[in-house]
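To keep things clear, I will list the structure first and then write my remarks on it.
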Amino acid sequence: MSLTPFKVPIVPELRKSTILSLLAKGLRTSERDLVTPRIVKVKTGVIERAEGSAQVELGNTKVLVGVKTDVGAPFRDTPDEGVITVNAELVPLASPLFEPGPPDENAIELARVIDRSIRETNAVDRKSLAIIPGSKVWVIHVDIYVLDHDGNLFDASMLATMAALMNTMLPDYEELETGEIILDRSKKTTPLKINKKVLTVNIAKIGDYLVVDPDLDEETVADTRIVVAYDEEGNIVGIQKSGPGAMSREEVLKAVDIGREAVKIYFKSLEEATGRAE
Amino acid sequence: MGKAVGVKLIDEYGRRHDGRLPDQMRPVRMRINVLENADGSALVEYGRTRILAAVYGPREPVQKFMALPDRALLRVRYHMAPFSTEERKSPAPSRREIELSKVIREAFEDIILVKYFPRTAIDIFLEVLQADGGTRTAAVTAASLALANAGIPMKALVAGVAVGKIEGQLVLDVDEIEDGSGEADMPVAYAPDIEKITLFQLNGVLTREELEKGLDMALSAIRELVELEKRTLKEEYVSTEEV
């Protein structure tokens, strides 16, 4: 069951009118223009125990992603492909708005939007994850951990997920005659095969304005948001309207075009942080 | 399931596996007032996809601390019956159902005039009785009818439809077979009378041009669906008056 949120941050009406009057001049409270994201910092390999990891700062929003791998059974309809799962935890230390407990609808939506973007594009080569086709495949667990919430968890989590996947090294293993797979997690030598890089741009509609990478105040006063996923060629590889309001046809198409430019900034940050030769 | 291996989904004459043209809907049926207890109800079918919607409220929220001082609280549950799918679906809410309940609720937050009913709850319960693709969009259409049937004031009627891409071609109202082997699925909900898109998702890959073309395909089909909603509502009330 989904309920109208009844625990929302109180942004004084004054704040809202400040945001709107600044937007009218092409300015924002975080001193940037409407189409530029906040400063992005991407760091990979931050958790040594994980097979891959990355931490992303997007302004004051901080997201940590860890990738763990296991050996498991493939899905029946894709016997020669590995399995990827994406889970998001809005851990209570990250915001007064988060409560302990199982993932709520916001965490589930966040994880599923990111999962779809990488799944539909085959961003991670799932065929390369078969160990014994039909019975043993790699299971890749992506766990998104929000550490500090100042808005736009989508873009920060997507960037951190992509960076962590690019940072992932599969453990060495030994195949026994019985068909059993014994992992040696002390040796990680095989990089995960990445087919495509995919990132999202979150665009908020505030009044008549469309703004890229809304911070928490902007998200709170926004009418609605649209999250668009792109590959490096500029194809649209996923969309989610998220938030209570509505958009016109023109606003949707304009948002998609604005995002297509903005995503280049994110791709550049990803490139700089990973720098892995393909 | 739903994967048509080796089957051509569009034939040489541009017909789809069930004989439809690319921009053709499945047969649509709408009925309202189908339940006794609910304040409003509707049954909507897109081909074999069948959705039952019930609306309760405005009424006192079951959990009173959730009441909002300035508006009605919306509660939406999208749920699939265990027998609605090829393989039995566990009745426990899946992650998919939780997400869809959220996006469907958000499709109505700005449509229902919630400010008229502070401290109350409006509940929209959606049961997928049979799933054959496009359940979330048919659920939006059913919810719109049930809300109108419950007499809840809205800015406009809403309807939904999904556009897919199969074998490189954009097609309207994808069913399960098409969705299972398609390259993209784009569910849209729209309120034509106020020209607002209230639900929008894309699962798959489209170019910028395909996105625009697909969106327009969905919007024009939704205009027809909303006309059908209006006719369904009018006919019900015309016949009630005659009694």
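Each label point is 7 Å from the Cα along the Cα-to-Cβ direction; what then is the distance between the points at A:Asn60 and B:Lys155, in nm?
So the label points at A:Asn60 and B:Lys155 sit 3.1 nm apart.
Can you give the % of DSSP beta bridges in the protein assembly as shown that are antiparallel, to the nearest 5?
Here the share of antiparallel DSSP bridges comes out near 85 percent.
With a Förster radius of 35 Å, plug the Cβ-Cβ distance of B:Leu21 and B:Tyr116 into 1/(1 + (r/R0)^6) and report the FRET value to the nearest 0.05.
Result of the calculation: an efficiency of 0.25.
Leaving out ligands, DNA and RNA, and with a 1.4 Å probe, what % of the accessible surface on region A:32-274 is carbon or sulfur? Don't skip to the answer; put the middle values down first.
Working: 4780 of 9530 Å².
Roughly 50 percent of what the probe reaches on region A:32-274 is carbon or sulfur.
For a quick check of your reading of the filter: which GluC sites (Glu not before Pro) in region A:41-82 sit in a DSSP loop and have no more than 10 other Cβ atoms within 10 Å?
The qualifying sites are A:Glu48.
Net charge within 13 Å of B:Pro91 by Cβ-Cβ distance, Lys/Arg positive one each and Asp/Glu negative one each, not counting B:Pro91 itself?
It works out to a net charge of +1.
Hey, can you find the accessible area per residue of chain B for me, probe 1.4 Å, expressed in square angstrom?
Details: 10460 Å² over 243 residues.
Result: 43 Å² of accessible area for each residue.
Dipole magnitude of the protein assembly as shown about its Cα centre, charges +1 at Lys/Arg Cβ and -1 at Asp/Glu Cβ only, in debye to the nearest 20?
Dipole magnitude for the protein assembly as shown comes out near 680 debye.
Can you tell which of A:Tyr266, A:Val252, A:Asn152 lies farthest toward the positive end of the dipole of region A:32-274, using +1 and -1 charges on the Cβ of basic and acidic side chains (Lys, Arg; Asp, Glu)?
Going by the Cα projections, it comes out as A:Tyr266.
How far apart, in nm, are the 7 Å Cα→Cβ label points at B:Ala92 and A:Glu271?
Label-label distance for B:Ala92 and A:Glu271, simple model: 4.6 nm.
Show me the GluC sites (Glu not before Pro) within region B:51-125 that DSSP assigns to loop and that have at most 14 other Cβ atoms within 10 Å of their Cβ.
B:Glu86, B:Glu87
Just to be sure I understand: with springs between alpha-carbon atoms less than 10 Å apart, which residue in B:Val44, B:Val34, B:Val158 has the highest mean-square fluctuation in the Gaussian network model of chain B?
B:Val34
Out of B:Ala121, B:Ala159, B:Ala189, any idea which swings most in a Gaussian network model of chain B, alpha carbons joined below 10 Å?
B:Ala121
Let me spell out the model: positive unit charges on the Cβ of Lys and Arg, negative unit charges on the Cβ of Asp and Glu, origin at the Cα centre of region B:28-242. What dipole size does that give, in debye rounded to 20?
900 debye
Please name which of A:Val142, A:Leu199, A:Phe75 has its Cα lying farthest along the dipole of chain A towards the positive end, using unit charges on Cβ (Lys, Arg +1; Asp, Glu -1) and the Cα centre as origin.
A:Leu199
Could you please state how large a percent of the accessible area of chain B is carbon and sulfur, counting protein chains only and using a 1.4 Å probe?
Within chain B, the accessible surface is 51 percent carbon and sulfur.
Per-residue ellipticity at 222 nm for chain B, helices alone: DSSP H runs ≥ 4 residues times -39500 (n - 2.57), over residue total, nearest 500 deg cm²/dmol?
Counting only the DSSP helices, I get -10000 deg cm²/dmol.
Which residues belonging to region A:235-278 lose at least 50 Å² of 1.4 Å-probe accessible area when the assembly is complete, relative to their chain isolated?
A:Ile236, A:Ile239, A:Lys241, A:Pro244, A:Ala246, A:Arg249, A:Leu253
Work out the charge dipole of region A:32-274 with +1 on the Cβ of Lys and Arg and -1 on the Cβ of Asp and Glu about the Cα centre, then indicate which of A:Ser242, A:Met169, A:Leu97 is farthest towards its positive end.
A:Met169
Over region A:190-229, what is the relative contact order in percent, taking alpha-carbon pairs closer than 8 angstrom and at least six residues apart?
Result for region A:190-229 is 43 percent.
Please go through region B:34-82 and write out the trypsin sites (Lys or Arg not before Pro) that DSSP classes as loop and that have at most 15 other C-beta atoms within 10 Å.
Details: sites: B:Arg48, B:Arg50, B:Arg59, B:Lys64, B:Arg71, B:Arg75, B:Arg77; in loops: B:Arg48.
Here the trypsin sites (Lys or Arg not before Pro) that fit, given the DSSP loop and packing criteria, are B:Arg48.
Mind checking the angle between helix B:208-242 and chain B's longest principal axis? C-alpha axes, 0 to 90 degrees, to the nearest 10.
50 degrees
In Å² (nearest 100), what accessible area is buried between B and A, both sides summed, heavy protein atoms only, 1.4 Å probe?
3800 Å²
The values are calculated or read from the model by the stated rules, or taken from the named source; none is laboratory data. Remember, it's a predicted structure, so these values are computed and weren't measured experimentally. All Cβ positions, glycine included, derive from the backbone under ideal geometry; neighbour counts span all protein chains shown. Remember, those area values only see protein heavy atoms, side chains included, never the ligands or the DNA or RNA. Shrake-Rupley method; radii C 1.70, N 1.55, O 1.52, S 1.80 Å.
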